[in-house]
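Have a look at the structure below before the remarks.
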Amino acid sequence: MKKTLYTFAALAMFAVAGTAHAAGNTIEQPAPPAGGWQHDGIFGTFDKVAAQRGLQVYREVCATCHGLKFVSFRTLSDLGFSEAEIKAIAKEYTFMAEPDDEGEVLERTGLPFDYFPSPYANEKAAAAMNNGAAPPDLSLMTKARVGGPDYLYSLLTAYRDPTEADLAALAAANIELGDTTYFNPIMGGNQLAMAPPLDDGLVEYAEGQPEATLEQMAHDVTVFLTWAAEPKMEERKEMGRNVMAFLVIFCGIMFFAYRRIAKRILGH
Amino acid sequence: MTAPSRPFEPTNGVISWIDRRLPIFTVLHGALVAYPTPRNLNYWWSFGSLAGFMLVIQIVTGIVLVMHYTPHSLMAFESVEHIMRDVNYGWLLRYIHANGASFFFIVVYIHIFRGLYYGSYKGPRELLWMLGLVIFLLMMATAFMGYVLPWGQMSFWGATVITNLFGALPLIGEPLVELLWGGFSVDNPTLNRFFSLHYLLPFVIVGVVIMHIWTLHIPGSNNPLGIDVKGSQDQIDFHPYHTVKDVFMLSVLLLVFFAFVFYAPNFMGHPDNYIPANPMATPEHIVPEWYFLPFYAILRSVPDLIIMDAKLAGVLAMGASILLLFALPWLDRSPVRSGTFRPVMKWLYWVLLVDVVILGVVGAKVPDDTAFSIGSLGVTWLTVGQITTLYYFAYFLVALPLLSKFEKTAPLPESISEAVLAKNA
Ligand code: HEM
């Protein structure tokens, strides 16, 4: 038994070692918002109303610079949007149509099966218009950074003018702030080319919704992007609960079967 | 030696008709039903079956993934996202396959360390042990190439770093690397050939597994006491005892496995692999998958030597760390197999286990970072890696050969059945 424990402890350490990577010269570590995330835990589900507001933040703010190329309009039904609403959202974007019979390529408005387009013609154009740093696609952002949703939320809310202490810490780490970058204690290297994108009241939420504070918008857009990165999360967790329940029972039955056979065959 | 197994006597006419012409049922009966096993096997003996099960899981999920995956550098990442979002239960298939590789390694590492403790590598099982190592090497190649397929940042840069290692070899290095790449850097041709081999190698593994089991069935299984079976009183049939026990162990494994698949599917992966491969942007830290970390640590621990530079020396040390296991049956000549009766070897073995875990941790760290401080003296991960690397080699190349000569082993029991009776008295 003791050996078993040791081995499992060792395996756990292996696993931790595999995923432990330095965040690289950051003054602060990501943290979740005060209320935590509704999508956390075994029973976690997406906060759909927050995700709907998050879509609004994305479309009115982030979409100026960031694409969402793996998210199709039709999948917005996951968040409770009706077919008509989805058609209306898709219609606001234009796409290149297939060549017509004369071989001419015309523009057409978006349809539910289209994907959120990138705002730039290509990566070079994106970089050229943003001081050399192309805004990354946000489809997988919450899975592509250590800290996940906490990272995104903290990044969006951590912008500030560097304090005396910050400047001292930067100096100690030999980091110089650039002219075209903004200080952010969460970002690796403590600065990035994205100007603080959110500000209190930047977006006007519908009647009956919470006030659009910086924190509220950061929370909402993070919920939306967490869904965008892992749209099958709810399905996964639900199936997981059934599979785990089955396996617990199956394990128990098999253990008793094994003990009975051991008694019969080995006598102990 | 082992007692002969019960003959197969089919009652079904069709089976009997086929079996007389193609004795496949006799073979299966001999392997899964009447295979005589020592009566004292513990839970650690289940990990061989579990490894076989993980191989089947990987092959089945892999074949279905291939139906939706596109092996092209411009489309691979997108096709994996297509699997995750649009294919029915595609997310489940992919998460099972990605975590399945990790669990395959967990199971096989336990299986290997079981063999190291109980001396299963010793005669007459030397070839059995060596075939196991061949499987391990093939698994490493398969998993490495599989990790390249989603074509994320870690896929690309991991492939670049690891293939570059072969370039350190004299003479053959450069042509070998170009052969692996199919060009002058990791690119679409690399992805294509890795995809082809990633599909092929698991089936080669199946072939070697069959030979592995074949060589097992000649002398029969070793056991926790490490002494030979003396007669039928020491043995039981594989079925039903081991079939039921293995299914129980399988359900425990699946419980842990599915906890990861459903609740922490990306825990063993690296976030950077959700960023599409970009040859122009090198990630800050390039780390291989966790199951390669102990070997990666050995690679990076070797300094410049007088006769060769650190890179070549590191590659050779890493190669040697696995290849020396092939010589293990001749390095450890102690007549006693099981660590239970080897008072010194037992302790050195547990230190080795911890040593390899520490090597794994070191593999994930930046060598020049401070691991811990003694007073004002900072000890770097590099130093920790060097000490643990030394211990690794010393265990096999110095300790075991010396212990074979000088260790005073404890008295062995007369027979398995006697020991079992004494224990349960
Ligand atoms: C020894 C057994 C195998 C091991 C250890 C293994 C390992 C891996 C690993 C580590 C990945 C990367 C997973 C990820 O991060 O996404 C992968 C991907 C993949 N494997 Fe395998 N594999 C095995 C067998 C197979 C077989 C037999 C097939 C096909 C017949 C296959 C097809 C694929 C495909 C299409 C991918 C890319 C999709 C993806 O990334 O999820 N694998 N494999």
Over chain B, what is the relative contact order in whole percent, taking alpha-carbon pairs under 8 Å and six or more residues apart? 21 percent
Could you report chain A's accessible area per residue, 1.4 Å probe, as an integer in Å²? 54 Å²
Per-residue mean of other chain beta-carbon atoms within 10 angstrom of the beta-carbon, peptide A:131-141? 2
At 222 nm, what helix-only mean residue ellipticity would the protein assembly as shown give, in deg cm²/dmol to the nearest 500, using -39500 (n - 2.57) for each DSSP H run of four or more? -17500 deg cm²/dmol
Which residue fluctuates most in the GNM of chain B (Cα springs below 10 Å): B:LYS405, B:LYS311, B:LYS122? B:LYS405
How shielded is B:37-43 by partner chains, expressed as the average number of their Cβ atoms within 10 Å of its Cβ atoms? 1
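Using r as the Cβ-Cβ distance of B:ARG20 and B:SER232, and R0 as 35 Å, what FRET efficiency do you calculate, to the nearest 0.05?
After rounding, the FRET efficiency stands at 0.80.
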Leaving out ligands and nucleic acids, note down the accessible area per residue over region B:315-425 with a 1.4 angstrom probe, in whole Å². 52 Å²
Let me understand the protein assembly as shown better: what is its radius of gyration from the alpha carbons, and its Dmax, in angstrom? 29.0, 93
Once you order the gyration tensor axes a ≥ b ≥ c over the Cα atoms, which shape class does region B:1-144 get: rounded for a/c under 1.5, otherwise prolate or oblate by comparing a/b with b/c? oblate
Which order do peptides B:266-274, A:254-262 fall in by mean Cβ count within 10 Å, highest first? B:266-274, A:254-262
Label region B:220-336 by shape, choosing from rounded, prolate and oblate, from the square roots a ≥ b ≥ c of the eigenvalues of the Cα gyration tensor; if a/c is under 1.5 it is rounded, and otherwise prolate applies when a/b is larger than b/c, oblate when it is not. oblate
Among the aspartates and glutamates, which have Cα under 16 Å from the Cα of B:LYS245 when same-chain residues fewer than 8 positions away are ignored? B:ASP237
Using only protein heavy atoms and a 1.4 angstrom probe, determine the accessible area buried between A and B, summed over both sides, in Å² to the nearest 100. 5000 Å²
Leading residue at positive end of dipole, region B:328-425 (Cβ point charges), from B:ILE358, B:TYR392, B:ILE374: B:TYR392
Return the whole-Å distance between the Cα centroid of region B:172-217 and the Cα centroid of region A:102-122. 41 Å
Give me the net charge of B:HIS29's neighbourhood, meaning all other residues with Cβ under 15 Å from the Cβ of B:HIS29; Lys, Arg count +1, Asp, Glu -1. -1
Please identify, among A:PHE95, A:PHE224, A:PHE73, the residue showing maximal mean-square fluctuation in a Gaussian network model of chain A using a 10 angstrom Cα cutoff. A:PHE95
Tell me whether region B:41-424 comes out rounded, prolate or oblate; compute the Cα gyration tensor, take square roots of the eigenvalues as a ≥ b ≥ c, and use a/c under 1.5 as the rounded threshold. oblate
Restricting to lysines and to Cα separations under 27 Å from B:LYS408, and discarding same-chain partners fewer than 8 apart, the set is A:LYS2, A:LYS3, B:LYS122, B:LYS230, B:LYS346, B:LYS423
Evaluate the Kirkwood expression for the hydrodynamic radius of chain A, namely the inverse of the mean inverse distance over all pairs of different C-alpha atoms, and round to one decimal in Å. 22.2 Å
Check: C-alpha center region A:162-189 vs C-alpha center region B:38-69, spacing in Å is 50 Å
With label points built 7 Å along Cα→Cβ from the Cα atoms of B:TRP330 and B:ILE374, find their separation and express it in nm. 3.9 nm
Of all GluC sites (Glu not before Pro) in region A:130-206, which ones are in loop regions per DSSP and have a Cβ with at most 12 other Cβ atoms within 10 Å? A:GLU176, A:GLU204
Share of chain B's accessible area from carbon and sulfur, percent, 1.4 Å? 71 percent
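Could the peptides B:277-286, A:212-221, B:248-257, B:411-420 be put in order, highest first, of the mean number of other beta-carbon atoms found within 10 Å of their residues? The partial results should precede the final answer.
Working: B:277-286: 14.0, A:212-221: 21.9, B:248-257: 19.4, B:411-420: 16.2.
Packing order, densest peptide first, comes out as A:212-221, B:248-257, B:411-420, B:277-286.
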Inter-part distance where region B:332-378 and region B:286-328 are each reduced to a Cα centre, Å: 16 Å
Would you tally the net charge around A:TYR115, using a Cβ to Cβ cut-off of less than 10 Å, leaving A:TYR115 out, and scoring K and R as +1, D and E as -1? +1
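So what is the relative contact order for chain A, in percent, with contacts set as C-alpha pairs under 8 Å and at least six apart?
26 percent
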Setting aside same-chain residues fewer than 8 positions from B:LYS311, which lysines have a Cα under 23 Å from its Cα? B:LYS365
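For B:VAL134 and B:THR11 in the same chain, what is the full-extension length gain: residue separation times 0.36 nm, less their Cα-Cα distance, in nm?
On the way: separation 123, 0.36 × 123 = 44.28 nm, distance 3.93 nm.
Here the answer is 40.4 nm.
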Of B:ARG114, B:ARG193, B:ARG20, the most mobile residue in a GNM of chain B (C-alpha springs, cutoff 10 Å) is B:ARG20
Using a 10 Å cut-off on Cβ atoms, rank the peptides B:364-376, A:81-93, B:344-356 from the highest mean neighbour count down. B:344-356, A:81-93, B:364-376
Across peptide B:103-112, what mean number of C-beta atoms from other chains lies inside 10 Å of a residue's C-beta? 1
Which of the residues in region A:242-268 lose at least 40 Å² of accessible area when you go from the chain alone to all protein chains together (probe 1.4 Å)? A:MET244, A:LEU247, A:CYS251, A:MET254, A:TYR258, A:ILE261, A:ILE265, A:LEU266, A:HIS268
In whole angstrom, and with the biggest value first, how far do the Cα coordinates of region A:143-230 range along each principal axis? 47, 28, 21
Filter chain B for me: DSSP H helices, axial length by Cα at least 24 angstrom, mean Kyte-Doolittle hydropathy not below -1.0. List them by residue number. B:47-66, B:90-118, B:126-148, B:188-217, B:241-263, B:343-363
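The values are calculated or read from the model by the stated rules, or taken from the named source; none is laboratory data. These numbers were taken from a predicted model, which means no experiment stands behind them. Counting neighbours? That spans all protein chains shown, and the Cβs are built from the backbone with ideal geometry, glycine included. We work out accessible area using only protein heavy atoms, side chains counted, and drop any ligands, DNA or RNA first. Shrake-Rupley method; radii C 1.70, N 1.55, O 1.52, S 1.80 Å.
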